[in-house]
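A.B. asks: A single structure is presented below for examination.
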Amino acid sequence: MSSSLSAYLIDPKAARALVGSGDEQLLDIIRERFGDQLAHDDDWFSSEIADGAPSAYEALRAVVHGGPFDAEKQYSFQYGYAYKRLCSLTGSFLDNSCFSPFRGDWLEMVDEGLRALRITAVSVAELGYYDGLPEQLPRYDLPRCGEWTHEECLAALEQFERTKAEGHAPPLDREVVDAVMDVIGWLRHAAARPGFGVVGFVS
């Protein structure tokens, strides 16, 4: 079974602040402009919704209002995907061509490539950690979420530039090099936007 890492350029603090914000205007905009996406997701999870899971919009509304959530946590995945939707609609999607789809320990392999280049301030695998969702949200297996702060992105980019200036070029597989360069692109986008970092989701 394959997975996918989706990454967004966004201020992580601003993203977390959307949870419990009560922003009705944002909800109205999403329902009016992205109703087709909500309907598509409802079709995808139609059997779960028939069994009692919240619809995509109901989950989105619960996240924005800080609840109420499914008391049994049986359908908590919907709230994780709702948070992902908020990040996708208020942030900018980052190229994930090297991360969608992926199998096995690919994220760890890319981290090894980053470490070989002496980049330790960020970890791609951390974007797939279970506990990266805002603390108000109930947990489920998927989606998993992680984030890099603006400061971490700056530090990682500085480490890369230092490695490049020193001419340190360890032998890496071509696929790992391509993925690392995607990550460097993410870091450069974040560095160019004060306060912005990366929020990632694995599903």
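A.B. asks: Output the peptides 158-166, 105-113, 57-65 sorted from most to least packed, where packing is the average of other Cβ atoms within 10 Å over each peptide's residues. Intermediate values should be presented prior to the final figure.
C.D. replies: Working: 158-166: 13.6, 105-113: 18.6, 57-65: 20.8.
Order by mean packing, descending: 57-65, 105-113, 158-166.
A.B. asks: Indicate the gyration tensor shape class of the range 138-177 (rounded, prolate or oblate), computed on the Cα atoms with a ≥ b ≥ c the square roots of the eigenvalues: a/c under 1.5 is rounded; otherwise a/b larger than b/c is prolate and the rest oblate. Provide the component values of the computation, followed by the final result.
C.D. replies: Working: a/c = 6.17, a/b = 1.73, b/c = 3.56.
Oblate is the answer for the range 138-177, as a/c is 1.5 or above yet b/c matches or exceeds a/b.
A.B. asks: When the dipole is taken about the Cα centre of the chain, and only Lys, Arg (+1) and Asp, Glu (-1) are charged at their Cβ, what size is it in debye, to the nearest 20?
C.D. replies: Values: 18 positive and 33 negative charges, 97 e Å.
Computed about the Cα centre, the dipole is about 460 debye.
A.B. asks: Still on this structure, please answer the following. Quick check: net charge around residue 118, other residues with Cβ under 14 Å of its Cβ, Lys/Arg +1 and Asp/Glu -1?
C.D. replies: Working: positive: 115, 162, 164; negative: 111, 112, 158, 161, 166.
Around residue 118, the surrounding residues sum to -2.
A.B. asks: Moving to a separate point now. Could you sort 44-52, 14-22, 114-122 so that the peptide with the highest average Cβ count within 10 Å comes first and the rest follow in order?
C.D. replies: 114-122, 14-22, 44-52
A.B. asks: Give me the net charge of residue 77's neighbourhood, meaning all other residues with Cβ under 9 Å from the Cβ of residue 77; Lys, Arg count +1, Asp, Glu -1.
C.D. replies: -2
A.B. asks: Would you mind listing how long the chain runs along its three principal axes, going by Cα atoms, in whole Å with the largest first?
C.D. replies: Cα extents, longest axis first: 57, 37, 28 Å.
A.B. asks: Shifting gears a bit: From the Cα gyration tensor of the range 61-109, with a ≥ b ≥ c the square roots of its eigenvalues, which class applies: rounded if a/c is under 1.5, or else prolate if a/b is larger than b/c, or else oblate? Display every interim value, and only then the final one.
C.D. replies: Details: a/c = 4.27, a/b = 1.66, b/c = 2.57.
Since a/c reaches 1.5 but b/c is at least a/b, the shape of the range 61-109 is classed as oblate.
A.B. asks: Going by a ≥ b ≥ c, the root eigenvalues of the Cα gyration tensor, does the range 34-117 fall in the rounded group (a/c under 1.5), the prolate group (a/b larger than b/c) or the oblate group?
C.D. replies: Values: a/c = 2.18, a/b = 2.00, b/c = 1.09.
It is prolate, given that a/c is not under 1.5 and a/b is the larger ratio.
A short reminder: the numbers here are calculations on the coordinates, not readings from a lab. None of these values were measured; they are calculated from a predicted model. Counting neighbours? That spans all protein chains shown, and the Cβs are built from the backbone with ideal geometry, glycine included.
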